[in-house]
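The values are calculated or read from the model by the stated rules, or taken from the named source; none is laboratory data. The model shown is predicted, which means the values in this text are computed figures rather than measured ones. A quick note on method: Cβ atoms are made from the backbone with ideal geometry, for glycine too, and the neighbour counts reach across all protein chains shown. These area figures cover heavy atoms from the full protein model, side chains too; ligands, DNA and RNA do not enter into them. Shrake-Rupley method; radii C 1.70, N 1.55, O 1.52, S 1.80 Å.
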Amino acid sequence: MHSPKTRYLVFFQYFGTNYSGVMETLTDQPVLGVQNYLERAAQNLRPVTPIKFYVSSRTDTGVHALCNSAHLDIQRAVGKPPLPESVIVSALNYYLKPEPIRILSAYRVSDNFHARFSALSRTYVYRLVTGCSHHSQIPVFERDLCWAPKGDHLNVPAMQEAAGSLLGTHDFSTFRSVSSEKPFKSPIKTLAQADIRPSSGFMSHHYEYRGLQFWELEFKSRSFLYRQVRRMAGALVAVGQGRLAPYRIKELLEIRDPLAYPLNTMAPAAGLFLKSVEYDEADLKTEGNAAK
């Protein structure tokens with residue numbers, strides 16, 4: 001006999017450059033996914049059955065996460081109580097030490113909670129830097145963390161005008177990757193936020209003389225299509241460069257055809273961050289959590 005399974009939600013972050021993405025890959029592959037390392041670390045919790053992470057939000061090779069999430073079930077030997085959330089965090093981080101992956105927090109949740117389907121929204125941030133004539137001029141501490149599009153500056157007001165066309169509920173087929181693995185997934189999405197604002201680089205005040213300007217593009221929706229954020233970011237940058245007129249974003253939406261998306265426009269993976277995954281606070285307040 002075994003103790004009942006206990007379900008947990010964990011929030012975690014990672015530097016995505018050296019992974020195949022967040023999802024697991026076959027263990028004989030030269031580059032593994034973040035999930036492979038999470039599950040490898042979790043086996044040190046000595047569960048009765050192997051632990052599997054159900055990740056809420058897929059990210060590709062080179063994409064980072066300030067905060068992603070996953071749920072997992074842990075079944076312990078008979079008579080052993082559920083592990084406290086603090087132990088989950090500290091133990092997983094101990095075994096993840098060699099990797100740029102960190103567990104931020106953990107919550108006991110109900111057995112019918114699902115990290116992916118219970119999420120209310122997801123927020124992504126795309127980082128840009130202007131003032132570099134070549135990508136090799138990106139500060140070393142920003143390498144793989146932002147994109148330096150061609151040109152000395154971006155027409156930000158034009159980008160903001162174009163971003164307004166993306167807000168609301170639309171068929172985002174044009175902004176879905178043509179190589180999507182799920183062609184039958186509904187392209188109808190509701191974009192609640194599409195912001196462009198100035199930002200700062202890591203210790204950038206020490207090299208202000210270089211005249212670099214950092215920007216953040218932030219997008220929020222309940223869910224996104226495959227590579228939708230990178231395609232939206234790339235199209236808005238094209239507007240900022242003058243390669244696309246602001247009204248073209250609305251036209252691209254109305255065409256509803258992935259093949260209509262301009263060639264060589266999608267933003268690269270480096271620069272994209274999953275900022276957060278939001279849930280109903282009531283879902284994170286099980287009896288075990290409330291008793292603390």
For the chain, the dipole about the Cα centre with charges only on Cβ (Lys and Arg +1, Asp and Glu -1), to the nearest 20 debye, works out at 400 debye
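I need the peptides 159-167, 79-87 ranked by packing, meaning the mean over residues of other C-beta atoms within 10 angstrom, with the highest value on top.
On the way: 159-167: 19.6, 79-87: 13.2.
By packing density, highest mean first, the sequence is 159-167, 79-87.
Placing +1 at every Lys and Arg Cβ and -1 at every Asp and Glu Cβ, with all other atoms neutral, what dipole size does the range 130-280 have around its Cα centre, in debye to the nearest 20?
Computed about the Cα centre, the dipole is about 360 debye.
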Segment residue 140-residue 61, extension gain: residue separation times 0.36 nm, minus the distance between their alpha carbons:
26.4 nm
What net charge do the residues around residue 166 carry, taking every other residue with its C-beta under 13 Å from that of residue 166, with Lys and Arg at +1 and Asp and Glu at -1?
-1
What value, in deg cm²/dmol to 500, does the helix sum -39500 (n - 2.57) over DSSP H runs of n ≥ 4 give at 222 nm once divided by the residues of the chain?
-5500 deg cm²/dmol
For the range 1-149, what is the relative contact order in percent, using Cα pairs closer than 8 Å and at least 6 residues apart in sequence?
30 percent
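Nearest 0.05, what FRET efficiency do residue 73 and residue 223 give at R0 = 30 Å with Cβ-Cβ as r?
0.80
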Please work out the FRET efficiency for the pair residue 86 and residue 114, using the Cβ-Cβ distance as r and a Förster radius of 25 Å; give the result to the nearest 0.05.
0.60
Using DSSP to call loops (not H, G, I, E or B), can you name the chymotrypsin sites (Phe, Trp or Tyr not before Pro) in the range 200-243 whose Cβ has at most 13 other Cβ atoms within 10 angstrom?
202
For the range 137-271, fraction of C-alpha pairs farther apart than 19 Å, in %
50 percent
Which Cα, out of 115, 196, 6, lies furthest along the positive dipole direction of the chain (beta carbon charges, K/R +1, D/E -1)?
6
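Mind pulling the per residue volume of the convex hull built on the Cα atoms of the range 202-242? Å³ is fine.
94 Å³
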Enumerate the lysines that residue 80 could reach by cross-link, defined here as Cα to Cα under 16 Å, with residues fewer than 8 away along the same chain left out.
5
Mind listing the long-range amide H neighbours of residue 193? Cut-off is under 5 Å, sequence gap 5 or more, other chains count too, H placed in the peptide plane at 1.01 Å from N.
220
The local net charge around residue 199, scoring Lys/Arg +1 and Asp/Glu -1 for residues other than residue 199 whose Cβ lies under 9 Å from its Cβ, equals +1
In nm, what is the difference between 0.36 nm times the number of residues separating residue 207 and residue 254 and their Cα-Cα distance?
12.6 nm
If you take the charge dipole of the chain about its Cα centre, with +1 on Lys and Arg Cβ and -1 on Asp and Glu Cβ, which of 154, 166, 51 is farthest toward its positive end?
51
Percent of accessible area on the range 159-252 owned by carbon and sulfur, 1.4 Å probe?
51 percent
Could you calculate the FRET efficiency of residue 102 with residue 282 from 1/(1 + (r/R0)^6), where r is the beta carbon distance between them and R0 is 30 Å, rounded to 0.05?
0.70
For the chain, just list the percent of Cα-Cα distances falling in each 10 Å bin from zero outward, please.
6, 26, 30, 22, 12, 3, 0
